[in-house]
Amino acid sequence: MSEENPQKEAFLQAGQEKDGNLISELIGFMSENKKWWLSPIIAVLLLLGLLIILGGTGLAPFIYTLF
């Protein structure tokens, strides 16, 4: 068999690695690209989503008293 180039070997090795979940992929992206400023934005969006979800449940009267 002929020698494979290093890029092809790296590609094949990456394909055999275990897939990460969304959180680990996001943290890996932010650390590799030095985009730590995204973390507060993501946290605020998650909190707003949680408030929207809980606003439609029986907890809504308790949430509205916080504001």
Return yes when residue 45 is out of contact with any Cys (no Cβ under 6 Å at 6 or more places or on another chain), of a type in the set (A, V, I, L, M) and outside any loop (DSSP other than H, G, I, E, B) and no when it is not.
yes
From the list 67, 29, exactly one residue is among the aromatic types (Phe, Trp, Tyr) and surrounded by 10 or more Cβ atoms within 10 Å (Cβ to Cβ). Which is it?
29
Would you call residue 55 free of Cβ contacts under 8 Å to residues at least 24 places away in the same chain and loosely packed, with under 10 Cβ neighbours inside 10 Å?
no
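Give me the residue from segment 10-26 that is of a type outside the set (Ser, Thr, Tyr) and open to solvent by less than 100 Å² (accessible area, probe 1.4 Å) and, out of that set, modelled with the lowest pLDDT.
20
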Please list, ordered by first then second residue, the pairs with beta carbon atoms under 8 Å, 6 or more apart or interchain, first in segment 11-30 and under 20 Å from residue 41 (Cα atoms), second open to solvent by 100 Å² or more (accessible area, probe 1.4 Å) and in a loop (DSSP other than H, G, I, E, B).
30/36
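The values are calculated or read from the model by the stated rules, or taken from the named source; none is laboratory data. Please read these numbers as outputs of a predicted model, since none were measured by experiment. Please note: Cβ atoms are built from the backbone with ideal geometry, for glycine as well, and neighbour counts cover all protein chains shown. Areas reflect the complete protein model, heavy atoms only, side chains present, ligands, DNA and RNA absent. Shrake-Rupley method; radii C 1.70, N 1.55, O 1.52, S 1.80 Å.
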